[in-house]
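Quick notes on the structure that follows.
The values are calculated or read from the model by the stated rules, or taken from the named source; none is laboratory data. Since this is a predicted model, take the numbers as computed values, not measurements. Every residue, glycine among them, receives a Cβ derived from its backbone with ideal geometry; neighbour counts consider all protein chains shown. Calculation scope for accessible area: heavy atoms of the full protein, side chains included, ligands and nucleic acids excluded. Shrake-Rupley method; radii C 1.70, N 1.55, O 1.52, S 1.80 Å.
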Amino acid sequence: MCIRDRGKIMSVFQTDRKEPVFLVKEDNIYYLVLNDLPQNQFNAEFLNQINKNLDEVEKAPTGTIMITVSTHDKNFSTGLDVKYLIAGSGDLREQLLIDLQKLLARLLKFPKPSIAIINGHAIGAGLMFVMCHDYRIMREDKGFVSLPEILLGMPIPPGMLASVLGKVPKHIVKNMVFTGQYIDGQTALRYGLVDKLAKNEDLIKAAKEIIPSFSYAAKFTDAFVQIKSQMFEFEYNKLINEPLDAYTCLLYTSPSPRDS
């Protein structure tokens with residue numbers, strides 16, 4: 001199968017498939033396709049489907065590269081599924097945060113090189129998910145990234161915050177989380193949130209151009225994982241080993257005027 005850019009970036013993936021997440025294979029590339037439209041928000045089932053597909057990518061032959069994409073031209077992921085959180089019990093809400101942090105930790109040490117194509121908005125947990133990829137390419141003319149929790153009066157769980165702090169200078173993250181600003185592609189590139197910009201129709205091409213740079217990482221997976229483990233040990237431990245603080249749990253797991 002050969003995937004070429006044509007028209008809208010994700011037209012090649014816009015099929016009648018109903019799965020919220022699925023894989024498309026092309027040679028040594030596994031496309032992890034987010035398809036829980038229109039916003040690809042994180043709830044228990046979405047997390048389960050992502051992990052299920054990551055299991056398959058992990059089993060892929062040596063030399064495999066993973067590229068994460070969205071079938072929606074407006075949204076990559078807008079973060080946590082607020083309706084799911086509102087409808088669930090406190091225990092369910094807390095478990096969602098724990099499971100999300102485990103997913104982010106898994107991506108930080110993922111044994112296959114990973115590239116995120118950000119062809120739409122990546123907000124809150126959606127941006128954290130993006131940041132845990134090894135390389136990030138954003139559409140240059142449309143879409144925003146943001147950590148807007150402060151606009152909702154919400155803290156950010158320590159592990160989730162660490163997932164961004166591990167990739168971007170602290171003064172950049174400070175400005176983002178203190179203001180909740182929405183950041184366009186040019187600014188995201190300047191801040192180091194993304195590694196490259198491309199036109200919508202060139203995003204897949206841009207991702208493929210990066211693949212040769214990861215050829216040795218894809219070949220020597222044990223060394224690759226060890227290097228990543230050393231680089232992101234602090235962030236990984238924050239995500240896996242540090243419990244959610246009481247204040248964060250209270251705000252995320254208790255009904256409040258925010259939920260209405």
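With the condition kept exactly as written, say whether any residue in the stretch 142-158 is open to solvent by less than 10 Å² (accessible area, probe 1.4 Å), in a loop (DSSP other than H, G, I, E, B) and over 18 Å from Val194 (Cβ atoms).
yes
Being open to solvent by 20 Å² or more (accessible area, probe 1.4 Å) and either in a strand (DSSP E or B) or of a type in the set (Phe, Trp, Tyr) (or both), is that true of even one residue in the stretch 72-80?
yes
Consider Val57 carefully, then state whether it is hydrophobic (A, V, I, L, M, F, W, C), crowded, with 18+ Cβ neighbours inside 10 Å and assigned to a strand (DSSP E or B).
no
Just to verify a result, which residue in the stretch 193-213, among those that are open to solvent by 30 Å² or more (accessible area, probe 1.4 Å) and assigned to a loop (DSSP other than H, G, I, E, B), is farthest from Thr68 (Cα to Cα)?
Checked the stretch 193-213; the qualifying residue farthest from Thr68 (Cα to Cα) is Lys199.
Could you check Lys83 against (1) of a type outside the set (Gly, Ala, Ser); (2) closer than 24 Å to Ala162 by Cβ; (3) free of Cβ contacts under 8 Å to residues at least 60 places away in the same chain and say which number it fails?
All conditions pass for Lys83, except number (2).
Given the conditions (1) under 11 Å from the mean Cα position of the chain (by Cα); (2) open to solvent by less than 20 Å² (accessible area, probe 1.4 Å), and given that Asp134 satisfies all but one, which numbered condition is not satisfied?
In the conditions (1) under 11 Å from the mean Cα position of the chain (by Cα); (2) open to solvent by less than 20 Å² (accessible area, probe 1.4 Å), Asp134 misses (2) alone.
Hey, among Ile172, Ile183, Ile117, Ile123, which residue is open to solvent by less than 60 Å² (accessible area, probe 1.4 Å), closer than 22 Å to Gly79 by Cβ, without any contact (Cβ under 8 Å) to a residue 24 or more places away in the chain and aliphatic (A, V, I, L, M)?
Ile172
Can you tell me which residue among Ile211, Ile204 is more than 22 Å from Lys142 (Cα to Cα) and not aromatic (Phe, Trp, Tyr)?
Being more than 22 Å from Lys142 (Cα to Cα) and not aromatic (Phe, Trp, Tyr) holds for just one of Ile211, Ile204, which is Ile211.
Does the stretch 81-100 hold any residues that are assigned to a loop (DSSP other than H, G, I, E, B) and of a type in the set (Ser, Thr, Tyr), and which are they?
Ser89
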